[in-house]
Amino acid sequence: MKTSFITLIITLIALTGFSQKPEYYQAMGESLGQYASCKTPEDFQALGNRFSMIANNEKEEWLPIYYHAHCYIIMSFMEPSDAKKKDSYLDVAEKSLKQLETMVPGEAEVFALQAMLYTARLVVNPMERGQQYSMLIGQSLGRASALDPSNPRAKLLKIQNNMGSANHFGKDPKEFCGQATDLLAGWETYTPKSQLHPAWGKDQAEELVRSCR
Amino acid sequence: MRVYLLFLFFLLIKAISAQTIISGTVNAQNDGALTGANIYLKGTYDGTSSDVNGRFSFKTQKSGNNTLMVEFIGYESFAKEVNLTGTEINLLIELKETFSRLDAVTITAGTFEAGDKKQANTITSLDMITTAGAAGDVFGALQTLPGTTTIGESGRLFVKGGDSEESQTYIDGALVHTPYISTAPNTATRGRFNPFMFKGTIFSTGGYSAEYGQALSSVLLLNTNDMPTQDQLDISVLSVGPEVAGTKLWGKGAITATLTYNNLQPYMNLVPQNFEWKKAPESASAAISLRQKTGKTGMLKLYASFDDGKFKLAQEDLTQEKMVDFALGNRNMFINTSYRTALNKNWVAATSASFTADADDVSFDGNQFDKALKGFHLKQTVSNELNEKVTFRGGGEWFSRSVEQSYQTVADTFVNQYDNNTFAAFAEAEIYASKRFVTRVGARVEHSSYLKKTNFAPRLTAAWKLNETSQFSMAWGWFHQNPNDDFLIYTNKLDYERADHYILSYQSAKSGRTLRTEVYLKDYRNLVKQNSNEFFVHEIYNNAGSGFAAGLDLFWRDKKSIKNGDYWISYSYLDTKRDYRNYPELAVPTFASKHNLAVVYKHWFGELRSLAGINYIYSSPRVYNNPNSEKFNSEKTLTYQSLDVSWSFLYRQNIIFYVAVTNVPGFKQEFGRRFSDQPGQDGLFKSSAIVPGSNRFYVIAILITLTQKGIENQLDKIQ
């Protein structure tokens, strides 16, 4: 049932843009559909490869580059211990994000993703990078919410970071639970600009709420 | 229904087109299979990724001539023309590693680099500050690294058998003429600079680049912070005095102003002292730091500081057998500026300059001894990345130094002074033969107007990476330095002193653990000899001295084995002898310890919001000369040991409490003996033990940072 549902969505997405770039919409739709089945860093790398290939074909589209960076940030979080590898994945993601910053300078999603990248950098070595990167994360999230105050991914990352630093400094992260619950409750009220636009994050928001119980 | 039909339509198209299967394996050149390589037909959506065995296979509807692309991070892209006819294509693809300096081999012989950028660093900027026994002193923290010897009665850097004056300190490329604060004879000094001014540190204990001259043993390169990120006010209250620093930003610039006042009187009232202080050390200083971005790539930095300090203590005059007052007043002005900009795509230019005016006024038993130093350094460098594998650097320098010493007794005044201008030029090339092998070849020429002599110094380093985690480095070079001020004020009939370095080093770094070993030999020649006690007669000086230093350094750092814990162990073995100054023969110098050990441990207690540090320092006995003994430098000092602890507590995110205690177990510390100038009536020189100012040192501090957001903290300031 689930598979046929996904197929339907993919077809719908493909159809929406069918008149102009059928292959682009089909490829993007298929690739976005694969997110759910990615389990390992290798899966995300393969998916990242897909997006990079799409980006090569569609020079004006920013979304494939966005998802390419997103996959590599996830890979960094999934890598268990090798700090050098984590940073090398993030170097790839950072390159894509730099490209996006000039391509779509007013896009809140890009700055939210940038905050996620900096979070991943921080996680590699919180002791040494804490100060520098928590500031950068704050700046990126500030820009994201200035551009789009209701962006749920910017909110999500903010809560995640607040909880993380509360943990690090021995405070109670539960003080942010209210915000997490509100975020999850209002998740569906935010409509992405198109079916290809970023929509991820609900799972993580659910996880935050679960951790509060 | 329409949707369904269209979907069918897609399938139909797929079915009727001719299909070609493209399959194969992706390998790294000289290495195994590559997993996750991106394989696709250029300009199409047909492609796949390689699996764990490097294998791949995909179908395409396209026909005719197409380009197959294979891409993987860290490897050069591969492109191949394929003709799609419906027959399966099977390929064996080998990717070539791309050259990237970031993960290429680096020269590590003799060098400790501290910065936050790279994972491979042996120590970081934060370590410089959080080392327990260092109490916030850059030089103190460096003394926990191998190749250094802790000399308790000096506090200065002594590197690989070299005297402290053989080490030079540079800030943003410009020479610091007076890196240490002025202290009484036989008491430990500290650095003048706050460690959190610096974003990066390179400490080279030998074999350094041709860019650096006028140092026989080591160079310490301190790089100041770039642009601050927000307006803030830092208030620190230490047990020795308060400090206030304010930072203000504007468009492309920022200014930080710092005021510091230290007075040890209240502290000394509480903590027992070994010296008889008539006036406890008191100092006031003001500093300004300016940052301005210019154009797209330019950055101008300016730092200026003014210091005024004084103290007075009573010391026993062993010759006259009475207590005499020793008073010192020091005024120091230091200006450092640097400008760095890209000239065009390939050329980068950096200019740095520093100016120091330092005056020590000492009065001792009614005699007045004044020393004034004016120093200037200007350096211009250009560098060009000729291509990704070759970098050229070159430049010129002008060192100016003017020293005046006056000695005034009741009866007489003696004034001696000298001015010297040293001009230098250097050039070097760094050449990567591959990702695994790099050489740096350079040379340096210096001319001194006062000595009227020119020297030439070749330098060569190479590094060879065995595999991802380990590498060998070697360094060789000639190093020159002008003789000490104390000789040059009497004569210019001297030549440069010289040391030749031979260093071989091995480093292995793997996920949070680093091991370094280094063996070295230093060959000293042309050291200044003083052939009589009549120091003011210029004929008694010559360059007939010589010496050697050989040793083994070990460094082990482990950030991984203990959760939230981090430790390093440094050990140095040193074998050295020299015949210089007034030494009658080749002898072990007084500043050499055969065995040196430092163990540093830090632990983060998340629930307590605290960073705790503990370190242990050990130096084996050194020699000192007893004029009552026939044999030169034949007496031994006590073993030096210190166990220091520190505790930093993050009360709020912007308020930190800090406590540190040195020498907690109260190890007896004694640095040899000093002797009277003249023998007594019994023909013997009288002596007394050289001891530290106090057996323990306590620091208590509160650090507060105020910003508009109020969350910034001084965590990186924890000392």
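The values are calculated or read from the model by the stated rules, or taken from the named source; none is laboratory data. What you see is a predicted model; the values in this text were computed from it and never measured. Here Cβ is always computed from backbone atoms with ideal geometry, including for glycine, and neighbour counts include all displayed protein chains. Accessible surface is based on the protein model in full, side chains and every heavy atom, while ligands, DNA and RNA are left aside. Shrake-Rupley method; radii C 1.70, N 1.55, O 1.52, S 1.80 Å.
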- Query: Relative contact order of chain B: what whole-number percent is it, with Cα pairs under 8 angstrom and at least 6 residues apart?
  - Reply: 10
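Sum up the lysine pairs in the range B:270-312 that clear both bars: alpha-carbon distance under 19 Å and a spacing of 8 or more or different chains. Show your work: numbers first, answer last.
Values: B:K278/B:K310; B:K278/B:K312; B:K279/B:K310; B:K279/B:K312; B:K293/B:K301.
Taking the range B:270-312 as the scope, the lysine pair count is 5.
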- Going 7 Å from the Cα of B:A349 toward and past its Cβ, which residues in the range B:366-391 have a backbone nitrogen under 13 Å from where you end up? B:380-383
- Message: Take A:D91 and B:Q265, extend 7 Å from each Cα along the Cα→Cβ direction, and tell me the distance between the two endpoints in nm.
- Response: 5.8
- If amide H atoms are modeled at 1.01 Å from N in the peptide plane, then the residues at a separation of 5 or more from B:D566, or on another chain, having amide H under 5 Å from its own are B:K602
- Query: How far is the Cα center of the range B:502-564 from the Cα center of the range A:123-200, in Å?
  - Reply: 50
- Query: How crowded by other chains is A:49-57, given as the mean number of beta carbons from other chains within 10 Å of each beta carbon?
  - Reply: 6
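Give the average over all directions of the projected area of the C-alpha convex hull of the protein assembly as shown, one decimal, in nm². Don't skip to the answer; put the middle values down first.
On the way: hull surface 167.9 nm².
One quarter of the hull surface, i.e. the mean projection, equals 42.0 nm².
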- Ordering of B:443-452, B:288-297 by packing [mean C-beta count within 10 Å, highest first]: B:443-452, B:288-297
- Message: To make sure I understand the rule: partners must be aspartates and glutamates, Cα under 20 Å from the Cα of B:K577, and not fewer than 8 residues away in the same chain. Which ones qualify?
- Response: B:D163, B:E165, B:E166, B:E497, B:D500, B:E518, B:D523, B:D553, B:E585, B:E630, B:E635
- Tabulate in residue order the Karplus-calculated ³J(HN,Hα) for the range B:302-312, using 6.51 cos²θ - 1.76 cosθ + 1.60 with θ = phi - 60°, rounded to whole Hz; enter x for Gly and Pro. 9, 9, 9, 9, 10, 10, 9, x, 7, 6, 8
- Note on the structure: Out of B:N53, B:Y267, B:P621 - ranked by how far each Cα lies towards the positive end of the dipole of the protein assembly as shown, with unit charges on the beta-carbon of charged residues - the top one is B:N53
- Query: If only Cα atoms are counted, what is the Rg of the range B:323-386, and what is its Dmax, in Å?
  - Reply: 20.4, 67
- Alpha carbon centroid spacing (whole Å) that separates the range B:603-630 from the range B:21-58: 57
- So what is the 222 nm mean residue ellipticity for the protein assembly as shown from helices alone, if each DSSP H run of at least 4 adds -39500 (n - 2.57) and you divide by all residues, rounding to the nearest 500 deg cm²/dmol? -6500 deg cm²/dmol
- Using the per-residue mean of other Cβ atoms lying within 10 Å as a proxy for protection, in what order, highest first, do the peptides B:156-168, B:196-208 fall? B:156-168, B:196-208
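Using unit Cβ charges (K, R positive; D, E negative) and no other charged atoms, how large, in debye to the nearest 20, is the dipole of chain B about its Cα centre?
Working: 73 positive and 71 negative charges, 499 e Å.
For this selection, approximately 2400 debye.
What size of dipole, in debye to the nearest 20, comes out for the protein assembly as shown about its Cα centre when the only charges are +1 on Lys and Arg C-beta atoms and -1 on Asp and Glu C-beta atoms? Write out the running numbers ahead of the final one.
Working: 95 positive and 95 negative charges, 387 e Å.
Its charge dipole is roughly 1860 debye.
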- For the range B:575-592, Karplus-derived ³J(HN,Hα) couplings (6.51, -1.76, 1.60; θ = phi - 60°; whole Hz; x for glycine and proline) come out as 10, 8, 9, 8, 10, 8, 6, 9, 5, x, 7, 5, 8, 5, x, 5, 9, 9
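GluC sites (Glu not before Pro) within the range B:365-423: which are DSSP loop residues with at most 13 other Cβ atoms inside 10 Å? Display every interim value, and only then the final one.
Details: sites: B:E385, B:E388, B:E397, B:E404; in loops: B:E388.
Passing both the DSSP loop test and the Cβ count: B:E388.
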- Quick one: with all protein chains in place, what share of the accessible area of the protein assembly as shown is carbon or sulfur, to the nearest percent (1.4 Å probe)? 56
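Just tell me how shielded A:125-134 is by partners: mean number of partner chain Cβ atoms within 10 Å of each residue's Cβ, no decimals.
Numbers: counts 5, 1, 10, 10, 3, 4, 8, 4, 1, 3.
The mean count of partner-chain Cβ atoms within 10 Å per residue comes to 5.
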- For chain A, evaluate the Debye formula with one uniform point scatterer on each Cα (no solvent term) and list log10 I(q)/I(0) at q = 0.09, 0.12, 0.18 Å⁻¹, rounded to two decimals. -0.36, -0.65, -1.47
- For B:K345, list the aspartates and glutamates whose Cα falls under 14 Å from its own Cα; do not include residues on the same chain fewer than 8 positions away. B:E385, B:E388
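Counting only other chains, and only Cβ atoms inside 10 Å, what mean value do you get across the residues of A:163-172?
Mean partner shielding for this stretch: 3.
Given R₀ = 41 Å, FRET efficiency for B:N484-B:T297 by Cβ-Cβ distance, to 0.05? Each step should come with its number before you reach the end.
Values: r = 41 Å, r/R0 = 0.99.
Once the sixth-power term is evaluated, E becomes 0.50.
About its Cα centre, how strong a charge dipole does the range B:330-418 have in debye, to the nearest 20, once Lys and Arg get +1 and Asp and Glu get -1 at the Cβ?
Here the size comes out at about 700 debye.
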